[in-house]
Amino acid sequence: MSEAEPRSGMSTGTKILIALLAIFGISCIACCGVFFFFAKNAFQIVQTPAEVSKMQEEIVSIEIPDTYQPGQGVKAKILVASMNMVMYQRVDNPSSGTIILMEIPIKGSKEELEKSFEQQMDTQGKNKNIDVEESEKRTFMIDGVEREFTFNKGTSDGKNVRQVTGAFKSRKGEATMFVLVEDEEVWDEEQAVKIIESISTK
């Protein structure tokens, strides 16, 4: 196993977080036209609940259910590219549920944004973080714009899991990735839909 490959002991949410950070790296290369190594001072870790919630509000307005609590946030800036990410985890068992919002510098139309995100998540799937067995695409209105979200059912490390992914624009007009991952035993589809319907940049 290579050093870059997620260890089998990682939660599904953590593996997806690594995949999303990889998207940021790819975006920086495309944006800046140069290859770089991540510098230690390029990242700022935010850990207090108040700071994580503040970061989330700066990205987008979203109603996080009481079953989740702020986990951590990451701010990164490399050359002209920047990234903001917040993660929420379930209160009862952090490894059983994760919500991630990630604002990254991907430019383009709604279709290009969704295609770029879908390609990256497909790559993540091929890395066996989640073996998708069933998949359904649903359309939701966010600030008057139709956005497509993918509802997946599959397995990860022998566990049955559910995954919801989607892409939209943040308050600043940047591409924002949404990922919700829950173990099958705590999956609440009605709650997942309510979370998506609550998203707004206003």
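The table below gives the values:
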| read-out | value |
| --- | --- |
| Residue check, residue 202 out of contact with any helix residue (DSSP H, G or I) (no Cβ under 7 Å at 6 or more places or on another chain) and touching a residue at least 60 places away in the same chain (Cβ under 8 Å) | yes |
| Residue pairs meeting the criteria (Cβ under 6 Å; at least 6 apart or on separate chains; first among the basic types (Lys, Arg), in region 82-100; second in a helix (DSSP H, G or I) and surrounded by 17 or more Cβ atoms within 10 Å (Cβ to Cβ)) | 90/96 |
| Residue match in region 158-165 (condition: at positive phi and either aliphatic (A, V, I, L, M) or modelled with pLDDT under 90 (or both)) | yes |
| From the options 106, 78, residue that is more than 16 Å from residue 199 (Cβ to Cβ), within 15 Å of the chain's Cα centre (by Cα), aliphatic (A, V, I, L, M) and modelled with pLDDT under 95 | 106 |
| Test for residue 155: is it surrounded by fewer than 20 Cβ atoms within 10 Å (Cβ to Cβ) and either over 14 Å from the mean Cα position of the chain (by Cα) or within 16 Å of residue 89 (Cα to Cα) (or both) | yes |
| Test set (1) polar (S, T, N, Q); (2) touching a Phe, Trp or Tyr at 6+ places or on another chain (Cβ under 6 Å); (3) outside any strand (DSSP E or B) - residue 191 fails condition number | (2) |
| Region 165-194, subset more than 14 Å from residue 97 (Cα to Cα) and hydrophobic (A, V, I, L, M, F, W, C), residue surrounded by the fewest Cβ atoms within 10 Å (Cβ to Cβ) | 193 |
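Here's the yes/no breakdown for (1) part of a strand (DSSP E or B); (2) free of Cβ contacts under 8 Å to residues at least 60 places away in the same chain; (3) not β-branched (Val, Ile, Thr):
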position	(1), (2), (3)
134	yes, yes, yes
139	yes, yes, no
148	yes, yes, yes
151	yes, yes, yes
154	yes, yes, yes
166	yes, yes, yes
171	no, no, yes
176	yes, no, no
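The values are calculated or read from the model by the stated rules, or taken from the named source; none is laboratory data. In this text, all values refer to a predicted model and were calculated from it rather than measured experimentally. All Cβ positions, glycine included, derive from the backbone under ideal geometry; neighbour counts span all protein chains shown.
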